Amino acid sequence: MLKTDKEVINVFETAKFMDSIKLLRVKEHISQSQMAIFSDVDNSTYNKFEKGKRMPSAKAVVNMVNHFG
């Protein structure tokens with residue numbers, strides 16, 4: 001359970017970020033498996049990112065952002 005306003009904001013911002021990444025991924029015809037490779041995570045972990053069940057690490061975020069330049 002979220003305890004602070006900061007935790008709520010972080011979850012919201014992560015969800016917005018992942019929605020944007022998903023839109024870019026679909027627009028560029030990139031599969032979740034390919035994004036997992038770009039993000040340096042396994043497929044199930046990347047899938048959880050998009051579903052909001054897991055928050056990406058800073059390294060995964062940097063890798064995703066770098067892929068889309």
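Projecting the Cα atoms of Met35, Met18, Gly52 onto the charge dipole of the chain (Cβ charges, centred on the Cα centre) puts Gly52 farthest toward the positive pole.
Among the listed pairs Lys6/Lys59; Lys22/Lys51; Lys16/Lys48; Lys22/Lys53, those whose Cα-Cα separation exceeds 18 Å are Lys6/Lys59. Placing dummy labels 7 Å off each Cα toward the beta-carbon, the span from Lys59 to Asn43 is 2.2 nm.
Among residues other than Glu13 with Cβ under 14 Å from its Cβ, the summed charge is -1 (Lys and Arg +1, Asp and Glu -1). For the chain, modelled as a GNM whose springs connect Cα atoms under 10 angstrom apart, the maximal fluctuation among Ala15, Ala58, Ala36 occurs at Ala58. Computed per residue of the chain from DSSP H runs no shorter than four, each worth -39500 (n - 2.57), the mean residue ellipticity at 222 nm is -23500 deg cm²/dmol.
Here, each number is a calculation from the coordinates, and none is a lab measurement. Note that the structure is predicted; figures quoted are calculated from it, not measured. Note that we place each Cβ from the backbone using ideal geometry, even for glycine, and neighbour counts take in every protein chain shown.
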